[in-house]
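Quick notes on the structure that follows.
The values are calculated or read from the model by the stated rules, or taken from the named source; none is laboratory data. Treat the numbers as computed from the prediction; the structure is a model and nothing was measured. So basically every Cβ, Gly included, is an ideal-geometry build from the backbone, and we count neighbours across all protein chains shown. Remember, those area values only see protein heavy atoms, side chains included, never the ligands or the DNA or RNA. Shrake-Rupley method; radii C 1.70, N 1.55, O 1.52, S 1.80 Å.
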Amino acid sequence: MRLTGIQLKNFKRLVDFQAVFSPGINVVKGPLNEMGKSTLLEGIIAALFYSPKSTSRDIRDYASWGSNRQYATSLEFEDGASRYLLEKDFDKGTIRLVEHGGREEIDTVKEVSEKLAGLLGTRSEKLFLCSACIRQAQVSQVSAGKKEIGQSLEEIVTGGEESTLASHVIQKLDAKIAEMKKGLDSPAKTPGVLAGLRKQLQECLQRHGVVRDEVSRVEAQKIKLTEANRQLVQVKAEHENALVLLDKNKRRKDIEVAVENLTRDYNAAEELLGRIRAQQESSRKADEALGAMEGFADKQSVSALREKLDDVRRKREDIQSDLTECQKELAEIRAKLEGKRQARLLGSAGFMAAAIAVLTGGIVGTLAGPRYLAPLIVLGAAFLMAAMWARTSLVRERTAVSGVEERIHRMGESLGELAGHEQVLLAETGCATVAQFDEKEKRYYHWLETRAQAELRLEVLLAGKSLRDIEAQRSDLVRKLAVQQDRLTEDMMATRLSPEEFIALEKKVRDLGARAAELEDARRDSMAIIRAAGHDAEEQVSLEEELDGLQQTLRHEERRVVVYQLTRDVLSRARSEVLSSSEQALEQEIQAYLSVFTDGRYGQVRMSKEDLEFWVYSDEKEDWARPEELSGGVVDEFYLAFRLAVVRLVFGDRRPPLILDDPFVNFDSVRLANTLNLLRKLSSDYQIIIFTLSDLYDGV
């Protein structure tokens, strides 16, 4: 037999596991313990030997932890040219063995067991575990299977345990046959096992009939319960999905409202910060502009400078007014002078010189000459007097002109002084003219007003808070907004419902809840009816299993009687011819394997027929020794040789797979290499599956 594949479901940690096996040597390797290798080995054993109808706790405990279902196994294997599929469902208690090609399909535990025993070479799990299946640290633990090994050897070679006790065995067989058949032919106070089994079988058949009738009456309710459970699961699933979708949309709406409120608050905070920054910028620009104005240190100094300039302006205006009046007065006096041409003529130097000349000529002429020149004296005196009068008249007017001109000159000087003072004042502000000062003063008060308004608005905007407080508030809003937006997942957006769909979903949730309640009521009613029944299908199955077990036991016991009878008949002929040859064959097989494993150091083996005890000859001790008295490595090597020898002899031409769970941990490198070489040779006849943590087997 060669395994080609296995599938395990709900088998301990292997919830859904598949593996494929090849001819020759297979290595199942994992880097650490607790990864499922031992579980896979146990799964192979369960697939080969465990009955899916068994109620044994040891068999049922392989179900995955937390699962409400039992496990299932599916094993594919080949035997010669035939390919088989062996399926076991420990939850339903079913078994099926199918030969590919549709040539054969059987589905009872007994038939499958018999067919599998023929293909594998045994139906005994113990025999398999003590020979073909070698678990780590259990190489030398064969005592549990000694009975099976012995019986198998007996079935093959002798039918007895010891040649010297053959007659005693025949006597015991006769007694056993009589004991087992007691009560069959006539009533007995203490019936034998066959009569007892037949009585138990009859009683079980009667109980089974009662239970079967009772179970048939509740099958309809079970069907109704199954349907109600199916619908309830479906309705609950729909109800749960609808509730989840409804909750998502409620949470989405809440989050969107929160996002909207936070966004509004954030925009308000951002707008407030913008306005605050605008006012701060306005104030900064005003400060910058005010700081750039030369001579405009503060409002008080500007006001004082303005007063001084205004004073200069008023004084200039007063002087200008007086100057205008003086200029008008000067013009009027000059106009008068212009109107006194005769007086200007008479008072002129030429006229006066002429008058003096006439007067002098008259006087000189009179004194020196004739008297008729005397009028010249009068005329000259008259001219002189007229000139003196005219000059006196002009002097007064000219004095007035000089006075006015002097006043005008002084006013001009005062205006000049005022202009100089004004330039000094203007120079303090970097202005050349009053107009520039006026413009600069205007800008100065504009920026003062701008700064004052900005500070006032800023005070109103801050409302007692600092800019840092408002920025911290905005940052907190940003963080909260990000948190809410993160909560608004793509799944929420993908399941967004319209208002109409939301209302429809709420109605669907209510309807599904009501339907689930109805199904729960129907389910409780069916369960009450089923509980009221005196018997159930499980009891029927149990009785059927009991019936099947009793029938199998009865057939087994009947077969035992036949075997005992046949054994009794052939034992005497077989014991002397075969027993010795089987003993020698087993010893020779063990010696051959042990010599390979120990690199020739140990090769002589002696066997006890009574209890399958062995001795190995030790050159070091120069005597025979029990394997357990040698080193740990030799112990493992001997029992490995023993197991392989048993496989060779007991299974005969059957070729069960050899399953090795890291049995070579105590082998040194030389003996391990020899062992692996032997495995290579064995792999041409046997499929070998090695479970290991090590990389030592990669080469084979």
Per the 1.4 Å probe, what fraction of the accessible area of the chain, in percent, lies on carbon and sulfur atoms?
51
Taking 219-230, 85-96 and ranking on average Cβ neighbours within 10 Å, highest first, one gets 85-96, 219-230
Sorted on mean Cβ neighbours within 10 Å (highest first), peptides 632-639, 56-63, 562-569 come out as 632-639, 562-569, 56-63
Other residues with Cβ under 13 Å from the Cβ of LEU481 give, with Lys and Arg +1 and Asp and Glu -1, a net charge of -1
Cα centroid distance between region 416-452 and region 618-676, in Å?
120
Order these peptides, 659-668, 471-480, by their mean beta-carbon neighbour count within 10 angstrom, highest first.
659-668, 471-480
Which lysines, if any, have their Cα less than 17 Å from the Cα of LYS250, not counting same-chain residues under 8 positions apart?
LYS507, LYS508
If R₀ is 56 angstrom, what is the calculated FRET efficiency for the pair VAL670 and ASP61, using the beta carbon separation as r and rounding to 0.05?
0.85
Got a sec? Which residues in region 191-229 would a label at ALA533 touch, if it sits 7 Å along Cα→Cβ and we count backbone N under 16 Å?
208-229
State, as an integer percentage, the relative contact order of the chain based on alpha-carbon contacts under 8 Å between residues 6 or more apart.
25
Point-to-point label distance, ASP569-ASP695, nm (Cα→Cβ direction, 7 Å offset):
6.3
FRET efficiency for LEU456 and ASN267, using Cβ-Cβ distance with R0 set to 30 Å, rounded to 0.05
0.75
Share of Cα-Cα pairs in region 217-298 lying beyond 17 Å, as whole percent
75
Per residue solvent-accessible surface (Å²) - the chain, probe of 1.4 Å:
56
Cα centroid distance between region 252-276 and region 1-77, in Å?
61
Does region 25-110 classify as rounded, prolate or oblate by the C-alpha gyration tensor (a ≥ b ≥ c root eigenvalues; a/c under 1.5 gives rounded; else a/b over b/c gives prolate, otherwise oblate)?
oblate
Residues with amide H under 5 Å from that of VAL28, placed H, sequence gap 5 or more:
ILE690, PHE691, THR692
At R0 = 25 Å, FRET efficiency that the Cβ-Cβ distance of ALA381 and VAL401 yields, to 0.05:
0.25
The chain: angle of helix 166-181 to the longest principal axis, Cα-based, in degrees nearest 10
80
Please give the net charge around ALA278, taking every other residue with its beta carbon less than 11 angstrom from that of ALA278, where Lys and Arg add +1 and Asp and Glu add -1.
+3
Stokes-Einstein translational diffusion, region 166-272 - Kirkwood Rh over all Cα pairs, 0.692 mPa s, 37 °C, in µm²/s:
147
Which net charge results when you count Lys and Arg as +1 and Asp and Glu as -1 among the other residues whose beta-carbon is under 13 Å from that of ALA504?
-1
Work out Dmax and Rg for the chain from the C-alpha atoms and quote the Rg first, both in angstrom.
68.2, 236
Given LEU194, LEU305, VAL650, which one lies farthest toward the positive end of the charge dipole of the chain, if we put +1 on the Cβ of every Lys and Arg and -1 on the Cβ of every Asp and Glu?
LEU305
